[in-house]
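For reference, the structure is listed below as structure tokens.
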Amino acid sequence: MTELSSRFQSEGSTAQIPQMKEAGRDFTYLIVVVVGIGITGGLFYVIFKELFSSSSPSKIYGDALEKCRAHPEVIGVFGEPIKGYGESTRRGRRQLVSHTEYIKDGLKYMRLKFYIEGSEKGKQGTVHLEVKENPESGKYEYRYIFVDIDVYPRRTIIIEDNR
């Protein structure tokens, strides 16, 4: 009888080994899936913050470009439609909007520079702007927006000045 019970116990313990291996493999897969979901969530957060946040450089660029497109003096010089673009890359793409963020007196500031052109041949301009964070609302407010006309006769069009 003892031989039968010891034989039964050894068969039972060997039957549990594949189940333990399978449980370990399932747990490893669970960890991989959880880490993958975490990384995907982090990427979505960064993309959402960059594209849809009111304090992102691309959002400020879009708002400033709309102010330039609506300004009558800018329309008179460049013609319609007015296109905006950033710095040119080596491949000829114009997508990088130059911006600098800094802190002064405990408040966040951001300066942007981008280029505009319209339907008038050879007319190009450089838009300079600075925004300052409102400490109460946390949103950026324009300090100034102006357009330097890059061709003769050179001049500056002031769109907004709240300095």
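The values are calculated or read from the model by the stated rules, or taken from the named source; none is laboratory data. Note that the coordinates shown come from a computational prediction; the quantities given were computed from them, not determined experimentally. Cβ placement follows ideal geometry from the backbone for every residue including glycine, while neighbour counts extend to all protein chains displayed. Each accessible area value is taken on the protein alone, full model and side chains, heavy atoms only, with ligands, DNA and RNA left out. Shrake-Rupley method; radii C 1.70, N 1.55, O 1.52, S 1.80 Å.
A few remarks follow.
- Rolling a 1.4 Å probe over the protein heavy atoms of region 17-141, with every protein chain left in place, gives an accessible area that is 57 percent carbon and sulfur.
- The alpha-carbon of Lys123 sits under 18 angstrom from the alpha-carbons of these aspartates and glutamates, leaving out residues fewer than 8 places away in its chain: Glu73, Glu80, Glu87, Asp148, Asp150.
- Hits among lysines - C-alpha to C-alpha of Lys121 under 19 Å, sequence gap 8 or more where chains match: Lys83
- The simple Förster model, with R0 at 41 Å and r as the Cβ-Cβ distance, assigns Arg154 and Thr40 a FRET efficiency of 0.25.
- Residue-count net charge about Pro135 - beta-carbon cut-off 11 Å; Lys, Arg +1, Asp, Glu -1: -1
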